[in-house]
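Trainee: Mind looking over this structure? Questions follow.
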C-alpha cells in the first residue's frame, strides 16, 4: 500500500486528492473559526470567554495548529505541482479561446490562493500577534472583543477583510464542488445537488464572515 | 456566403507557424465546415499554393478524426457536434473565423491543423482492453448486466477519441477521455478483473504523455461532441484511489 500511495501521489490524481483532503480539513477549520468569531454578536464576555477557553486548551490547541499548518503546506505544495504540470501541458496557447462552462471562481483559484495566503499572514499578524494592529498600543491579547471592534472601526481594515472574505468565498465555492469531484463523491441520483451544496456552503461562510466587519462599521457592534 | 478565415499554417512539426488570412467567397450555406475548407483548398491549388492540411475521415461525426479550434471553441460553437457535422449556415455572412489546431504538449502539430494524437493511443494501449479467451462469440445474454450500468457504460463508450476535451481544457488535461475509457469497461462485468490495474495503467500513461491536471472547470464536457459527462472523471478518481489502496 505504501508504494501504491507513493505512485498515486506521482500522478495528478493523487496530488488532487491531497488537495481535496487538506481542503476538507481547512473547510472544517473555516466553519468552526467563523462560528467562534460570530460570538462577537453576543458581547465581550462571551467572545473573550471563548477565546480564553481556546487558549486554555494548551497542548490540544498546539496539536490543532500543527494539523492546520501541515494541511495548508500540503495544500499549497500539491496545488503548485499540479499548476506547473498544467502550465507545461500547453506550451503554445490559442489566438482565440472562448469558455462556456468554467466559472470566475474556477479560473481565479490559482491567484485567489496566494492572495488568501497573504491575507492569512496579515490576519495572524493582526489578531494573533497584534503586530500590525491598526490602533497601535491598544492590542490586548486577553480582550479579543476590543481588538476586533477597534480593528474593524478603521474603514480600510474592515474593507480589506470584506474583500478577503469574498475571495475566500469564491475559493470555497469552486473548492467545495471540485473536492467532491476529485474525491469521487458522485452519484447520478444526487449529482445535481453538488453544486447547490457548494453555493450554499460558500455563501453561508462568506455572509457570516462579512457580517462582522459590517456590524462594526455600521455601529451595530460597539466597544461598550 | 463570404468569410474571412484566419488559419494556422505550419509547414512541419519543428517549423514556426502563424495565422494566415484567406478570403472564402461564394460558399453555400449548406456546405459543411470541412467542405468549405475543401473549396478553399481547391482554389489554393489552382493558384499553385499549398493547401491547408486538416484531419478528417468519415465526415459522419462518428470516427473522431476531425477537429480544430474554431473561433475558440473545439469543433466550433455548436454543441454536441463534430467539426464535420457543423454547417456554414451556423455562421453569419461576413464572419471572421479563426481556425487553429488542438493545443497541447501531448498533441504536437504535424502540419497546419493536423496534430499527432498518439498520446491517446498510448493511454488505450496501457489498459483500454479486456483480456479474454477469443473464439466463437459468447451467447448474448450469458452475462447479465444491470440496465443502469449498461446505459452508463454506453454513454462512456460514445467517446470517439477526437481530443476536443484536451483542446478545450484550460489545463490541457485528458481526464475526460481517460475517464470515459476507464468507465465504459469498468461499468460492465467483463471489465471487472482488470479494473484496478486498468485505472493505474491508464492514468500513468496519461501522466507520462504530458497532459495537464484536471481542475474541474467543465470545459471538456461542454466541448465534447458526444456530450460525455464529467461525472466519469469522479469515477476515474474513485477507481484510481482504490487502485492505490490495494497496490
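Trainee: For residue B:97, are the conditions met, namely being in a strand (DSSP E or B) and within 14 Å of another protein chain (Cβ to nearest Cβ)?
Mentor: yes
Trainee: Output the residue which, of all residues in the stretch B:183-202 that are within 12 Å of residue B:125 (Cα to Cα) and buried (at least 19 other Cβ atoms within 10 Å of the Cβ), is farthest from the other protein chains (Cβ to nearest Cβ).
Mentor: B:198
Trainee: While we're looking at this one, here's another question. Which one of these does residue A:148 not meet: (1) closer than 23 Å to residue A:20 by Cβ; (2) away from chain B (no Cβ under 14 Å); (3) surrounded by 18 or more Cβ atoms within 10 Å (Cβ to Cβ)?
Mentor: Against the list (1) closer than 23 Å to residue A:20 by Cβ; (2) away from chain B (no Cβ under 14 Å); (3) surrounded by 18 or more Cβ atoms within 10 Å (Cβ to Cβ), residue A:148 comes up short only on (1).
Trainee: Something else now. Considering every residue within the stretch B:83-97, establish whether at least one is surrounded by fewer than 16 Cβ atoms within 10 Å (Cβ to Cβ), at pLDDT 95 or above and farther than 22 Å from residue B:223 by Cβ.
Mentor: yes
Trainee: OK, next. Out of the stretch A:1-44, which residues are within 14 Å of chain B (Cβ to nearest Cβ) and not in a helix (DSSP H, G or I)?
Mentor: If the condition is that a residue be within 14 Å of chain B (Cβ to nearest Cβ) and not in a helix (DSSP H, G or I), then A:1, A:11 are the ones that fit.
Trainee: For the condition surrounded by 24 or more Cβ atoms within 10 Å (Cβ to Cβ), more than 8 Å from chain A (Cβ to nearest Cβ) and under 28 Å from residue A:84 (Cβ atoms), what is the one hit in B:224, B:214?
Mentor: B:224
Trainee: Also, I was wondering about something else. Just to be sure before I move on: is residue B:130 over 24 Å from residue B:215 (Cβ atoms) and either free of Cβ contacts under 8 Å to residues at least 60 places away in the same chain or within 17 Å of the chain's Cα centre (by Cα) (or both) in the structure I sent?
Mentor: no
Condition check ((1) within 22 Å of residue B:23 (Cβ to Cβ); (2) in the same structural domain as residue B:8 (by TED's automatic domain parsing); (3) free of Cβ contacts under 8 Å to residues at least 12 places away in the same chain; (4) in a helix (DSSP H, G or I)) across all residues:
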residue	(1), (2), (3), (4)
B:51	yes, yes, yes, no
B:56	no, yes, no, no
B:64	no, yes, no, no
B:78	no, yes, no, no
B:84	no, yes, no, yes
B:122	no, no, no, yes
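Trainee: Return yes when residue A:47 is in a helix (DSSP H, G or I), touching a residue at least 12 places away in the same chain (Cβ under 8 Å) and away from chain B (no Cβ under 14 Å) and no when it is not.
Mentor: For residue A:47, the condition - in a helix (DSSP H, G or I), touching a residue at least 12 places away in the same chain (Cβ under 8 Å) and away from chain B (no Cβ under 14 Å) - is met.
Trainee: Let me ask something else about it. Which of the residues belonging to the stretch B:110-120 are farther than 17 Å from residue B:173 by Cβ and either within 15 Å of the chain's Cα centre (by Cα) or in the same structural domain as residue B:83 (by TED's automatic domain parsing) (or both)?
Mentor: The answer is B:113, B:114, B:116, B:118.
Trainee: Do you know which of the residues in the stretch A:128-150 that are free of Cβ contacts under 8 Å to residues at least 60 places away in the same chain and not in a loop (DSSP other than H, G, I, E, B) is farthest from residue A:114 (Cα to Cα)?
Mentor: That would be A:147.
Trainee: Continuing with this model, one more query. Residue A:118 - would you say it is surrounded by 13 or more Cβ atoms within 10 Å (Cβ to Cβ) and without any contact (Cβ under 8 Å) to a residue 60 or more places away in the chain?
Mentor: No.
Trainee: When you check residue B:32 against the structure, is it touching a strand residue (DSSP E or B) at 6+ places or on another chain (Cβ under 7 Å) and touching a residue at least 24 places away in the same chain (Cβ under 8 Å), yes or no?
Mentor: yes
Trainee: Is one or more of the residues making up the stretch B:229-238 more than 7 Å from chain A (Cβ to nearest Cβ), over 19 Å from residue A:182 (Cβ atoms) and surrounded by 21 or more Cβ atoms within 10 Å (Cβ to Cβ)?
Mentor: No, the stretch B:229-238 contains no residue that is more than 7 Å from chain A (Cβ to nearest Cβ), over 19 Å from residue A:182 (Cβ atoms) and surrounded by 21 or more Cβ atoms within 10 Å (Cβ to Cβ).
Trainee: Considering only residues of the stretch A:96-116 that are more than 7 Å from chain B (Cβ to nearest Cβ) and part of a loop (DSSP other than H, G, I, E, B), which is nearest to residue B:74 (Cα to Cα)?
Mentor: The extreme case among them is A:103.
The values are calculated or read from the model by the stated rules, or taken from the named source; none is laboratory data. Computed from a prediction, not measured in an experiment: that's the story for all the values here. Heads up, the Cβs are rebuilt from the backbone with ideal geometry, glycines too, and the neighbour counts pull from every protein chain shown.
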